[in-house]
Protein chains: 2
Amino acid sequence: MSVATRKRWNRQSVVEAAADLADKHGYDALTLAMLAQHMGVKPPSVYKHVQSLDDVKTGIQALAATRLTDALMAAAGGKSGDEAVFAVADAYRAFVKAHPGLQVAMSRPSATAHQGPGDDELESSNRQLLGVAVGLLGEYQLSEDDTIHALRMLRSLIHGFVMLETTGSFEMGYDLDTSYRWAIETYIRGLAGAARPTG
Amino acid sequence: MSVATRKRWNRQSVVEAAADLADKHGYDALTLAMLAQHMGVKPPSVYKHVQSLDDVKTGIQALAATRLTDALMAAAGGKSGDEAVFAVADAYRAFVKAHPGLQVAMSRPSATAHQGPGDDELESSNRQLLGVAVGLLGEYQLSEDDTIHALRMLRSLIHGFVMLETTGSFEMGYDLDTSYRWAIETYIRGLAGAARPTG
DNA sequence: GATCGAAAGCTAACACTATTAGCTACGTTC
DNA sequence: GAACGTAGCTAATAGTGTTAGCTTTCGATC
């Protein structure tokens, strides 16, 4: 007989398991009973490792953010200018396609006012991402303020497109890949016109 | 005693009442018990007018779409070119601010494969909106394909910005109104470069 | 290797959710 | 005024998350 010593869970590993389930069955379909069953345990036992289902969902949100950040930083690494922008845009879209549950998680206001561990990690991850993003737009000669605006615009554009795509809100009949690239190109073109007068 | 003859409900009026509640308490917080109480009725009675809670939510989605369409068409009415684009963008953002519940409803995949009445209305409303939108970009001299791309991009940009704004995903410290206008301006600037060679 | 305490499992229970069945009473119409 | 359909009700079911309290198992210490 295999003496199958039972798996040792902790908040992190439970959240990761829950994130997988969210990707498989949908973020909203994630239930505590489902999570418990997947852990091979009855529902109340889950509370030994985690405060509540909201706690788990908050954890998923943080996990999603850091994983997305990692993916974007990896995509941008080494590249610069247009090439880097396209790479990040593609990586974002690919990430969402691969992780539908995590995407939904990211597009919800945080359930609990987060305080737990992982919050610091999330903060530093965001700071890292912002640094990379600012570097991303370095070649476009924007003022400091305009860099913020340009970043917000790029994020909005990518996030919105991917959102509308996954909810099936776009009319059919025209290729989405083409539209996506067209949009990023047009964004870059618009950016050129925003460049500050060369000093 | 006032003989207060009780209000006659139907699917439409129930959906409208539910939409108000969704705006007040949040789309996800909307519960059948809450809806029943607001109607002055016990939960099971709601089913006399509506098939299920999912049915109500599908109704809210349709209602949100048609109301948004109306608001956008009203905003665009008479205007053209840049002015019209700014007007539509502002109207969209204002609508979402005024109807947070409806916005969330719109950004969710439809709960039930809609079939009920109001679906036709939704369809025609969408067709109307597309017509207005195409007219909106008429001045920019885009090819037919590019018009679709430009429309998708504008929608993505607006939807994404408003989404990130309402979920509090933007870093603080820089004015959002300014960023929003900046983004629309940059979009229009990029559009100019996409204009087809004048034939 | 036996013992003891903490960690993690369990069952039972509670309050909530949506939903159905079946009954009663209102209100309209003939 | 009688008949009938609409719309209310209560009671009950199956699901949700969550807590309390008990038991088992695991790991470390003697």
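Nothing in this text is a laboratory measurement; each read-out follows from the coordinates by a stated rule. None of the values given here were measured: they were computed from a predicted structure. Neighbour counts run over all protein chains shown; Cβ positions are idealised from the backbone, glycine included.
If one computes P(r) from the Cα atoms of chain A, what percent of pairs lie at distances over 32 Å?
Value for chain A: 28 percent of Cα pairs lie more than 32 Å apart.
Can you work out the Karplus-derived ³J(HN,Hα) for every residue in the range A:181-187? Use 6.51 cos²θ - 1.76 cosθ + 1.60 with θ = phi - 60°, whole Hz, and x for glycine or proline.
Running phi through 6.51 cos²θ - 1.76 cosθ + 1.60 with θ = phi - 60° gives 5, 4, 5, 5, 4, 5, 4 Hz.
Given the options B:Met172, B:Met163, B:Met39, which has the most mean-square fluctuation in a GNM of chain B, springs set between C-alpha atoms less than 10 angstrom apart?
In this elastic network of chain B, the residue with the biggest mean-square fluctuation among B:Met172, B:Met163, B:Met39 is B:Met172.
Can you run phi through the Karplus equation (6.51, -1.76, 1.60; θ = phi - 60°) for the range B:62-74 and list ³J(HN,Hα) in whole Hz, with x for Gly and Pro?
Once θ is set to phi - 60°, the couplings for the range B:62-74 become 5, 4, 4, 4, 5, 5, 5, 4, 4, 5, 5, 5, 5 Hz.
Would you work out which of B:Leu102, B:Val88, B:Ala74 lies farthest towards the positive end of the dipole of the range B:1-109, given +1 charges on the beta-carbon of Lys and Arg and -1 on that of Asp and Glu, about the Cα centre?
The one lying farthest along the dipole's positive direction is B:Leu102.
In nm, one decimal, shortest first: how far is the label point of B:Ser45 (7 Å from Cα along Cα to beta carbon) from the matching points in the other copies?
Copy-to-copy label distances for B:Ser45: 4.6 nm.
Could you list B:Phe95, A:Phe161, A:Phe170 so that the one with the fewest beta carbons within 10 Å of its beta carbon is first and the one with the most is last? Mind showing how you got there, number by number?
Details: B:Phe95 20, A:Phe161 27, A:Phe170 17.
So the ranking, lowest neighbour count to highest, is A:Phe170, B:Phe95, A:Phe161.
Taking the Cα centre of chain B as the origin, how large is its charge dipole in debye, to the nearest 20, when only Lys and Arg (+1) and Asp and Glu (-1) carry charge on their Cβ atoms?
820 debye
Can you sort A:Val14, A:Val104 so the residue with the fewest Cβ neighbours within 10 Å comes first?
A:Val14, A:Val104
Give the calculated FRET efficiency between A:Ser80 and B:Ala195 to the nearest 0.05, with a Förster radius of 25 Å applied to their Cβ-Cβ distance.
With a Förster radius of 25 Å, E is 0.30.
With runs of 4+ DSSP H residues as the only contributors, calculate the mean residue ellipticity of the protein assembly as shown at 222 nm using -39,500 (n - 2.57) per run, divided by the residue total and rounded to the nearest 500. Please list the in-between numbers first.
Details: 18 runs with 272 residues, N = 398.
Calculated mean residue ellipticity at 222 nm is -22500 deg cm²/dmol.
At 7 Å along the Cα-to-beta-carbon direction for both B:Glu121 and A:Val41, put a label point, then send me their distance in nm to one decimal.
4.9 nm
Which whole number gives the average, over all residues in A:126-136, of C-beta atoms from other chains lying within 10 Å of the residue C-beta?
Across the residues of A:126-136, the mean count of other-chain Cβ atoms within 10 Å is 0.
Find the Rg to Rh ratio for the protein assembly as shown, where Rh is the Kirkwood radius over alpha-carbon pairs and Rg uses the same atoms.
Value, to two decimals: 1.01.
Nearest 10 degrees, 0 to 90: what angle lies between the long axis of helix A:119-136 and the longest principal axis of chain A (Cα atoms)?
20 degrees
From the label point of A:Thr167, set 7 Å along Cα to the beta carbon, how far off in nm is each other copy's matching point, shortest first?
Going from nearest to farthest copy, the values are 1.1 nm.
Let me know the charge dipole size of the protein assembly as shown about its Cα centre in debye, to the nearest 20, where only the beta-carbon of Lys, Arg (+1) and Asp, Glu (-1) is charged.
1520 debye
Work out the count of Lys pairs in chain A where the Cα-Cα distance is under 26 Å, with the pair 8 or more places apart or on different chains.
The number of close lysine pairs in chain A is 12.
Just to confirm the number: angle between the C-alpha axis of helix B:11-25 and the first principal axis of chain B, 0 to 90 degrees, nearest 10?
70 degrees
Would you mind computing, in nm to one decimal, how far apart the modelled labels at A:Arg11 and A:Thr167 are, each placed 7 Å from Cα along Cα→Cβ?
Between A:Arg11 and A:Thr167, the label points sit 3.1 nm apart.
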